[in-house]
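All remarks here apply to the structure that follows.
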Amino acid sequence: MNKIFSKEQEQWIWNRYKAGESTDDLAKIWGCNQGTIRNIVMRKGFSLRKLSIISSSPEAIQRSLKNGYGKKCYYNNEFFPSLLERDCYIKLRKLGFKVIHNFLNRFDFLLNKKIVVEFHPYDLKGLTNNQYYNQRRKLLNKYKYKNLKLVVIKDLKEIENKLR
């Protein structure tokens, strides 16, 4: 049997989820199954994966990733939200770049303190490549890193060509 929530309770759940709380933790708080919490979140108009990336603070993004989004993947005791991102990191290191992963808790990689790399092999949240690039460039500029080059990579095969 599914638990029925009032609008106020659903809003509270939504606010906690948006702040980075996992659906699993919220289900435990409310004594219901995780699917019920997911349904509430999805009724608010967001897919579960996109929510944290679109609207949360860097800390909430990292918390939500570690609370169950993507595959739990560690390499050299560092968390990667997907196997592909881990593979990108390994390839960048093999190419001789000094790599800082999870730059500013907002960007995938910083290479040699000069190039910010965003690795997105999946859908760009409904944006075109140019729109996504402009969005990330604007955020990088907001953090006062106008001097850093920004590169968006969708496929591991592109790395060498885009970083020459």
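Below, the figures for the structure above:
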{"read-out": "Scope region 111-155; condition within 18 Å of the chain's Cα centre (by Cα), in contact (Cβ under 8 Å) with a residue 12 or more places away in the chain and closer than 21 Å to I90 by Cβ; matching residues", "value": "V116, V117, E118, F119, H120, P121, V151, V152, I153, K154, D155"}
{"read-out": "Subset of region 87-110 [surrounded by 18 or more Cβ atoms within 10 Å (Cβ to Cβ) and either within 12 Å of I159 (Cα to Cα) or in contact (Cβ under 8 Å) with a residue 60 or more places away in the chain (or both)]", "value": "C88, Y89, L92, F97"}
{"read-out": "Hey, Y132 under 27 Å from G20 (Cα atoms), part of a strand (DSSP E or B) and hydroxyl-bearing (S, T, Y) or not", "value": "no"}
{"read-out": "Residue in region 66-73 that is buried (at least 18 other Cβ atoms within 10 Å of the Cβ) and modelled with pLDDT of 60 or more present", "value": "no"}
{"read-out": "Matching residues, region 1-22, being closer than 12 Å to V41 by Cβ and in contact with a Gly (Cβ under 9 Å, 6 or more places away or on another chain)", "value": "S22"}
{"read-out": "Any hit, region 151-161, residues being outside any helix (DSSP H, G or I) and farther than 16 Å from S82 by Cα", "value": "yes"}
{"read-out": "Count of region 80-118 residues which are of a type in the set (A, V, I, L, M, F, W, C), part of a loop (DSSP other than H, G, I, E, B) and over 19 Å from L148 (Cα atoms)", "value": "1"}
{"read-out": "Criterion violated by P121 - all others in (1) modelled with pLDDT of 90 or more; (2) under 15 Å from I159 (Cβ atoms); (3) in a loop (DSSP other than H, G, I, E, B) satisfied", "value": "(1)"}
{"read-out": "Residues satisfying the stated conditions in region 126-142, i.e. surrounded by fewer than 13 Cβ atoms within 10 Å (Cβ to Cβ) and hydroxyl-bearing (S, T, Y)", "value": "T128"}
{"read-out": "Among the residues listed as A27, A60, the single one being modelled with pLDDT under 75 and out of contact with any strand residue (DSSP E or B) (no Cβ under 7 Å at 6 or more places or on another chain)", "value": "A60"}
{"read-out": "Number of the exception - F5 against (1) at pLDDT 75 or above; (2) out of contact with any helix residue (DSSP H, G or I) (no Cβ under 8 Å at 6 or more places or on another chain); (3) not in a helix (DSSP H, G or I)", "value": "(2)"}
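Yes/no per residue for (1) of a type in the set (A, V, I, L, M); (2) in contact with a Gly (Cβ under 7 Å, 6 or more places away or on another chain):
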| position | (1), (2) |
| --- | --- |
| E78 | no, no |
| P81 | no, yes |
| E85 | no, no |
| C88 | no, no |
| R93 | no, no |
| F97 | no, no |
| H101 | no, no |
| L110 | yes, no |
| F119 | no, no |
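The values are calculated or read from the model by the stated rules, or taken from the named source; none is laboratory data. Note that the structure is a prediction, hence the values are computed from the model and not measured. FYI the Cβ positions are ideal-geometry reconstructions off the backbone, even for glycines, and counts take in every protein chain you see.
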